[in-house]
Amino acid sequence: MFYDAEGNITKELQSIMSATTTGLLGGFFFGGIIKTKDLPHNFVREHQATKWDNTFHAKRQLNNKFALEFIKGGMSLGWRMGFFCCLFQSTSVMLYVYRGKFELLNSTIAGAITGSLFKMNMGLKGMVAGTVAGSILGTVYGTMTKLILYIAGVEMNDLYEIHFQLMQKRRDNINRMASNYIDEEAKSLKTMYIENKILQETAEPQNKSS
């Protein structure tokens, strides 16, 4: 499921990684926006009686507070969204691999398990509520996915394969760019070494004659 015979990651694992990353980034930006939505208004209200040295100082303080609150809000929601997406996609992919095909029941079960685990810190009632909510969300997700697959005329495996190829192509491009950069740096260092060597050899006769 996770690695092929050659030790490379599979398209299923790639989909889990992509879903987790999307959840992390999406949750981070969404959480940051929510946290700082009313920050400018609240900042002005809280500092009505504050005497600033100049306007630049006040704006700098606002920008610093905005950045700090954005990061705090983003991290708070980001890890939750990433964890949720990781749980859901992992469970869904495991069921897909085990059953050999994508079905609506896979998403419903994945949603129920994810919701239950995500709310297990709230006790039995929280787990039950999470299971119900997760089942509903999973069913909605599965229905929408089935509809999209039907309209597009493809299977889930085709989507996994297309996404895997795109990610593999991006990794290859990054590796190629890094390799080219290293080669250019090596050539530059070699050229500098040769130039310094020539300067040293040129300077030695002059030092001897002096």
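The values are calculated or read from the model by the stated rules, or taken from the named source; none is laboratory data. Fair warning: this is a prediction, and the values are worked out from it, not measured in the lab. When we count neighbours, we look across all protein chains shown, and the Cβ atoms used for this are built from the backbone with ideal geometry, even at glycine. Each accessible area value is taken on the protein alone, full model and side chains, heavy atoms only, with ligands, DNA and RNA left out. Shrake-Rupley method; radii C 1.70, N 1.55, O 1.52, S 1.80 Å.
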Hits in segment 91-107 - residues which are surrounded by 21 or more Cβ atoms within 10 Å (Cβ to Cβ) and in a helix (DSSP H, G or I): Thr91, Ser92, Val93, Tyr96, Asn106, Ser107
Of Arg80, Arg45, Arg60, which residue is within 19 Å of Phe118 (Cβ to Cβ) and of a type in the set (D, E, K, R)? Arg80
Of the listed residues (Leu62, Leu24), the one being in a helix (DSSP H, G or I) and either open to solvent by less than 50 Å² (accessible area, probe 1.4 Å) or at pLDDT below 80 (or both) is Leu62
Log entry, pairs with first residue in segment 40-60 being touching a residue at least 12 places away in the same chain (Cβ under 8 Å), second being among the basic types (Lys, Arg) and assigned to a helix (DSSP H, G or I), beta carbons closer than 9 Å, six or more apart or on different chains, reads Phe43/Lys65
Tally time: how many residues in segment 112-124 are over 26 Å from the mean Cα position of the chain (by Cα) and either open to solvent by less than 70 Å² (accessible area, probe 1.4 Å) or modelled with pLDDT of 85 or more (or both)? 1
What are the residues in segment 27-51 that are of a type in the set (Ser, Thr, Tyr) and assigned to a loop (DSSP other than H, G, I, E, B), if any? Thr50
